[in-house]
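Okay, structure first, notes after.
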Amino acid sequence: MQAPKIIIAVDGHSSCGKSTLSKQLARVLHYNYIDTGAMYRAVTLYALRKGLIANNQVDEQALINELLNIHITFSFNEKEQKSDTILNGENVENEIRSLRVSGFVSPVATIKAVREAMVEQQQAMGIEKGIVMDGRDIGTVVFPQAELKIFMTASPEVRAKRRYDELLAKGETVAYQDILQNVEARDHLDSTREESPLRKAEDALVLDNSYLSREEQLSWVLDKVKTLLHED
Ligand code: DC
């Protein structure tokens with residue numbers, strides 16, 4: 001008999017490894033992985049391409065009018081063993097990670113109608129369960145009934161150091177203090193915005209990975225999954 005499938009909601013601060021953990025979990029459990037940040041990024045890319053963002057301002061009403069024309073799906077990339085984001089049939093996985101998109105995604109993600117449209121699509125993706133979804137509001141708004149909710153965090157200093165090392169490895173010249181400031185500013189924005197702010201669901205398990213390796217955090221979560229599925 002096949003094990004029952006559950007929904008795993010992973011929320012938490014930026015740059016604390018939510019997508020790394022979620023992808024590992026999905027691979028081990030043979031679940032689908034949904035990166036909801038990618039969906040807000042795809043909407044932002046659409047808005048930029050249509051000229052709905054000018055002079056650093058998002059034309060909210062114009063974007064809302066376009067929402068029915070924005071279709072986002074995911075396609076598994078066998079070669080790279082990861083999901084690619086598809087916007088209206090086009091693979092936009094690389095473009096949505098650009099600095100230009102990163103610069104505007106926060107204001108786009110605060111628009112209520114945008115969030116409602118994305119949440120509806122995310123809920124539809126979870127109908128058959130067997131998914132790991134990461135974001136900021138998955139355990140609180142998208143799937144308040146998820147069987148397993150993880151709230152990930154790590155100290156701002158640890159997160160800034162990880163980003164700093166990543167950028168350094170890519171050959172970028174950056175100052176650690178600037179990155180730390182950026183991490184703290186994003187925490188503040190994510191947690192204080194009016195629409196679906198980042199907060200821990202009451203029944204979420206906190207995973208502080210400041211001093212855990214990737215392997216340690218994965219086995220910590222897999223233990224919880226096994227307990228839930230009574231496989232231990
Ligand atoms: O996880 P990320 O950096 O790719 O997310 C991009 C942006 O989208 C970030 O500003 C937070 C926002 N976001 C959100 O508001 N709700 C989600 N469920 C996922 C991401």
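When PHE143 is evaluated against the numbered criteria (1) open to solvent by less than 20 Å² (accessible area, probe 1.4 Å); (2) of a type in the set (Phe, Trp, Tyr); (3) more than 13 Å from the ligand (Cβ to nearest atom), which criterion, by number, is the only one it fails? With (1) open to solvent by less than 20 Å² (accessible area, probe 1.4 Å); (2) of a type in the set (Phe, Trp, Tyr); (3) more than 13 Å from the ligand (Cβ to nearest atom) applied to PHE143, the lone miss is (3). Based on what the data block shows, is GLU216 more than 17 Å from GLY37 (Cα to Cα) and open to solvent by 80 Å² or more (accessible area, probe 1.4 Å)? Answer is yes for this residue. Take the conditions (1) part of a helix (DSSP H, G or I); (2) open to solvent by 20 Å² or more (accessible area, probe 1.4 Å); VAL108 misses just one of them, which is (2). Restricted to region 8-34, and to residues there that are surrounded by fewer than 22 Cβ atoms within 10 Å (Cβ to Cβ) and charged (D, E, K, R), the residue that is nearest to the ligand (Cβ to nearest atom) is LYS23.
Among the residues making up region 157-190, a single one is exposed (fewer than 14 other Cβ atoms within 10 Å of the Cβ), modelled with pLDDT under 90 and of a type in the set (S, T, N, Q): THR173. Looking only at region 40-60, decide whether some residue is within 16 Å of the ligand (Cβ to nearest atom), closer than 29 Å to VAL183 by Cβ and touching a Gly at 6+ places or on another chain (Cβ under 7 Å). Looking for residues that are within 16 Å of the ligand (Cβ to nearest atom), closer than 29 Å to VAL183 by Cβ and touching a Gly at 6+ places or on another chain (Cβ under 7 Å), one finds none in region 40-60, hence no.
Among residues of region 181-199 that are closer than 21 Å to VAL142 by Cα and within 11 Å of the ligand (Cβ to nearest atom), those with a beta-carbon under 6 Å from a residue that is open to solvent by 50 Å² or more (accessible area, probe 1.4 Å) and of a type in the set (A, V, I, L, M, F, W, C) at least six positions away or on a different chain give the pairs SER196/VAL141.
Selection over region 27-51 of residues that are at positive phi and basic (Lys, Arg) gives a count of 0. Please find, among LEU99, LEU63, the residue that is among the hydrophobic types (A, V, I, L, M, F, W, C), out of contact with any strand residue (DSSP E or B) (no Cβ under 6 Å at 6 or more places or on another chain) and at pLDDT 95 or above. Answer to the check: LEU63.
Based on this model, can you work out whether ALA3 counts as surrounded by 12 or more Cβ atoms within 10 Å (Cβ to Cβ), over 18 Å from the mean Cα position of the chain (by Cα), modelled with pLDDT under 95 and farther than 30 Å from ASP165 by Cα? Yes: the conditions hold for ALA3.
Does ALA117 satisfy the condition of being closer than 19 Å to ASP11 by Cβ and within 13 Å of the ligand (Cβ to nearest atom)? In short, no. Residues in region 59-105 that are part of a strand (DSSP E or B) and in contact (Cβ under 8 Å) with a residue 40 or more places away in the chain: ILE72, PHE74, LYS82, SER83, THR85, LEU87.
Taken over region 127-140, the residue count meeting the criterion of being crowded, with 20+ Cβ neighbours inside 10 Å and outside any strand (DSSP E or B) is 5. For region 219-232, a residue qualifies if it is part of a loop (DSSP other than H, G, I, E, B) and surrounded by 12 or more Cβ atoms within 10 Å (Cβ to Cβ), and exactly one does: LEU229.
The values are calculated or read from the model by the stated rules, or taken from the named source; none is laboratory data. What you see is a predicted model, and the numbers here were worked out from it, not measured in a lab. Note: ideal-geometry Cβ built from the backbone for every residue, glycine included; neighbour counts use all protein chains shown. Quick note on the areas: whole protein, heavy atoms, side chains included, nothing else; ligands and nucleic acids left out. Shrake-Rupley method; radii C 1.70, N 1.55, O 1.52, S 1.80 Å.
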